[in-house]
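Beneath this line is the structure, given in structure tokens, with notes to follow.
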Amino acid sequence: MQDLPAPVAQSIVESAELILQSDLNSMGHLFGGRLVAIIDKIAAISAMKHAHGPVVTLSIDNLVFRRPVRAGAIVTVKASVNRVFNRSMEVGVLAMSLPPGGEIAEHVCSAYLTFVALDAGGKPVTIPSIAPETESEKRRFEQAGIRREHRLALQTQLGKP
């Protein structure tokens, strides 16, 4: 029996972290690598919810740090599956920061992560499809296809490693 497409809403994950002194670099800003770790974890949980099993990160695309994050800020990361490509899927992530004493969260970065679902033996498996419902979900679904085409074309141009 073929799995029915799952709504994007079933893959939504949101988490918040308080940024502490131990999370900061020598400039007093959140380590980029620390934010990447948070993003990767939340995106992986989203992918696991959709795949109903273990996943591994294949790539992280378009991660641009737009503003620094300081100690005492609350960083909120939201992730959901944008599109499924047979054995891989793209998860979109949005990271926002609420500065200490602030009332308005600021966009820190967005990223697109590709995950592969694995069976118990560590072999890639087919992933159930996703059913975008809202206009935003449909736009992200289409854009994920464009990003994948560009990634594959770039691999072809550069020669696969």
Give me the angle, in degrees from 0 to 90, between the Cα long axis of helix 32-51 and the longest principal axis of the Cα atoms of the chain, rounded to the nearest 10.
30
Considering the options I38, H150, A71, tell which one lies farthest towards the positive end of the dipole of the range 6-158, charges being +1 on Lys and Arg and -1 on Asp and Glu at the Cβ, about the Cα centre.
H150
Helix 135-158 versus the longest principal axis of the chain: what angle, 0 to 90°, nearest 10, using Cα atoms?
80
If you average 1/r over every pair of different alpha-carbon atoms in the range 103-161 and take one over that average, what Kirkwood value in Å do you get?
14.8
Exposed trypsin sites (Lys or Arg not before Pro) absent: longest stretch of the chain, with sites in DSSP loops and at most 16 other Cβ within 10 Å deemed exposed
88-161
Give me the tail of P(r) for the range 1-89 as a percent: Cα-Cα pairs with distance above 23 Å.
33
Relative counts (whole %) of C-alpha pair distances in the range 48-96, using bins that are 10 Å wide
19, 47, 25, 9, 0
At 37 °C in a medium of viscosity 0.692 mPa s, the chain has a Stokes-Einstein diffusion coefficient, with Rh taken as the Kirkwood radius over alpha carbon pairs, in µm² per second, of 197
Within the chain, what's the longest run with no GluC sites (Glu not before Pro) in a DSSP loop and at most 15 other beta-carbon atoms within 10 Å? Give the range, please.
1-102
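Would you mind working out the magnitude of the charge dipole of the chain relative to its Cα centre, with +1 at each Lys and Arg C-beta and -1 at each Asp and Glu C-beta, to the nearest 20 Debye? Provide the component values of the computation, followed by the final result.
Numbers: 17 positive and 15 negative charges, 84 e Å.
With Lys and Arg at +1 and Asp and Glu at -1, about 400 debye.
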Can you pick out the pairs among K78/K138; K41/K138; K41/K160 whose Cα atoms lie more than 22 Å from each other?
K41/K138; K41/K160
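Readers should treat all values here as calculations from the given coordinates under stated rules, not as data from a laboratory. Computed from a predicted model, the values in this text were never measured in an experiment. A quick note on method: Cβ atoms are made from the backbone with ideal geometry, for glycine too, and the neighbour counts reach across all protein chains shown.
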